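A short write-up of the structure that comes next.
Here, each number is a calculation from the coordinates, and none is a lab measurement. Because the structure is a prediction, the values reported are computed rather than measured. Reconstructed Cβ throughout: ideal geometry from the backbone, glycine too, with neighbour counts over all protein chains shown.
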Amino acid sequence: MKLSVIGAGYVGLTTAACLAQVGHDVFCSESDLEKLSKLQSGVMPLFEPHLEKVIRTGREASNLHFGSTEDGISWGDAIFICVGTPPLANGEADLSAIESVARMIAKRASGYKLIVEKSTVPVQTGAQLRRHLAVHSTDSLHYDVASNPEFLREGTSVDDFLHPDRIVIGVESERAAELLRAIYKPIIEQKFTCPVHNDCPKRQEPTFLVTDTGSAELIKHASNSFLAMKISFINMVADLCEAVGADVAQVAEGMGLDPRIGPAFLNPGIGFGGFCFPKDVQAFIRIAQKSGCDFSLLREVEKINQLRVERLIEKVRNELWVMRGKKIAVWGLAFKPNTDDVRFAPSIALVKALLQEGAIIKAYDPKAMEKAKAVLPDLEYCSDPYQASHGADAIVIVTEWDEFRRMDWTLVRSLVDRPLIIDGRNMLSIAQLTESGFHYVSVGRPSVSPNERGQHRVEAKVGAQGESLPLDDAQEQVLARRRKK
Ligand code: UDX
């Protein structure tokens, strides 16, 4: 089928490339001319695993094209609107890009068009789109408006798009439902050449959920807000674990064994970031407010999240005492691994605050340093984590890149001025780090340090002022047993 995708950000580019991968003839439009010319010459505007390959395949097979929005509008039977909906100052989603695309469709399109909103939009945007088209479109245009929220995550977007748990569509006509079912047929039946897995295992067919436009729009905001709530919940549990000397990793494991809770999104740390959760939680609070609902729960989720960075800095302060002049190695800048995206990344607030206190920062990230330089210009960027750790008084882990699990800790130990690691992602093993002679502090887990006799002194409890308190014997024994695991 001939399909158009308007907007070549994470959602648009993945949607266009993957719909071409499963056999459709796709035209992807981008109004940012610099980005468009990059795409037309096969240069990737962002880092996303597998996406470059899928785009190359589509371009070589001539069923993936890049061009202007004007050309895109007349190309496809269905037009997927994937433009950005960034937050306005008041937290509401900025829909101006959606409106201008709608205006162009109304003016230029003719015949039948299925117009699909795929950007994350507040509830009732579909209804507004319909009204807008009714006012501005010519008689030659017949259309349906549908909602088809996207649930892909950065870093796994191609896999998530081609192997979704569910495909949600919001429609007001049978015709629109049938057309979207036909578009997604290869993915519903999981019948396509998978660019991610060589021998793609037989998978559960995704649920194709057909609902009304408003409900589909709400499913997106509600899903992201719920996941963000889960993260803030476990972060609060982590703080409690620190106060009572328990281990949040164990608590999360115990919780997650209950299928009603599930183990996913129970990783505590420096808080959620990225271009989705922070803005979607904000937008959902605003949507509810405008509809007379006080979503106080989400305001708490947001507040808890905003305090995570300060909580980690508190740990750094407690260990380093005076921050001025201290050399800190920051490992990770991206808001999560496998992406070069630093938008709303916790690293930004953390680094700015540490610099504010006079610390000297050397940073390393495998993919995101170019984008970080735009927001954190006066930082020393290093070619690898070892270079960043040279002479460090502390290493602070901010993004859980896999390569940090494979470090040569003896080499790191020889490079740092002080063997202190503060892990804002709980990605490393307490046992391994202490065996390597590091004082290892993480989130909601016992922090352990080798004492002069080389034995491990456990400082699990954290006092009201954030200071470390020794554990009692019973807790010591439990921890010793656990360290042996
Ligand atoms: C999210 C949703 O997962 C996805 O369905 C939606 O389409 C877009 O928004 P993304 O923002 O790419 O995707 O990242 P995600 O993997 O959800 O992580 C979001 C943030 O939460 C990251 O900063 C991550 O580090 C943090 N996180 C995630 C935690 O702190 N703890 C967890 O347990 C999981």
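Tabulated data for the structure shown
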{"read-out": "Spans of helices (runs of 4 or more DSSP H) in region 117-222 with at least 1 residues polar (S, T, N, Q)", "value": "125-136, 157-162"}
{"read-out": "Residues located in region 230-244, provided they are crowded, with 20+ Cβ neighbours inside 10 Å and not polar (S, T, N, Q)", "value": "231, 234, 238, 241, 242"}
{"read-out": "Selection count, region 253-282, where residues are hydrophobic (A, V, I, L, M, F, W, C), more than 7 Å from the ligand (Cβ to nearest atom) and within 23 Å of residue 313 (Cβ to Cβ)", "value": "2"}
{"read-out": "Set 166, 175: member being in contact with a Leu (Cβ under 7 Å, 6 or more places away or on another chain), surrounded by fewer than 17 Cβ atoms within 10 Å (Cβ to Cβ) and farther than 18 Å from residue 82 by Cα", "value": "166"}
{"read-out": "Given (1) surrounded by fewer than 20 Cβ atoms within 10 Å (Cβ to Cβ); (2) under 26 Å from residue 46 (Cβ atoms), number of the condition residue 280 does not satisfy", "value": "(1)"}
{"read-out": "Tally, over region 283-322, of residues that are surrounded by 17 or more Cβ atoms within 10 Å (Cβ to Cβ), aliphatic (A, V, I, L, M), under 23 Å from the mean Cα position of the chain (by Cα) and away from the ligand (no atom under 16 Å from the Cβ)", "value": "3"}
{"read-out": "Helices (runs of 4 or more DSSP H) lying entirely in region 23-112 (those with 2 or more residues that are surrounded by 23 or more Cβ atoms within 10 Å (Cβ to Cβ))", "value": "51-60, 69-75, 96-108"}
{"read-out": "Which numbered condition residue 125 fails, given (1) more than 13 Å from the ligand (Cβ to nearest atom); (2) touching a Lys or Arg at 6+ places or on another chain (Cβ under 7 Å)", "value": "(2)"}
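Conditions (1) under 30 Å from residue 131 (Cβ atoms); (2) surrounded by 15 or more Cβ atoms within 10 Å (Cβ to Cβ); (3) touching a residue at least 12 places away in the same chain (Cβ under 8 Å), marked per residue:
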{"site": "213", "(1), (2), (3)": "yes, yes, yes"}
{"site": "225", "(1), (2), (3)": "yes, yes, yes"}
{"site": "251", "(1), (2), (3)": "no, yes, yes"}
{"site": "254", "(1), (2), (3)": "no, no, no"}
{"site": "258", "(1), (2), (3)": "no, no, no"}
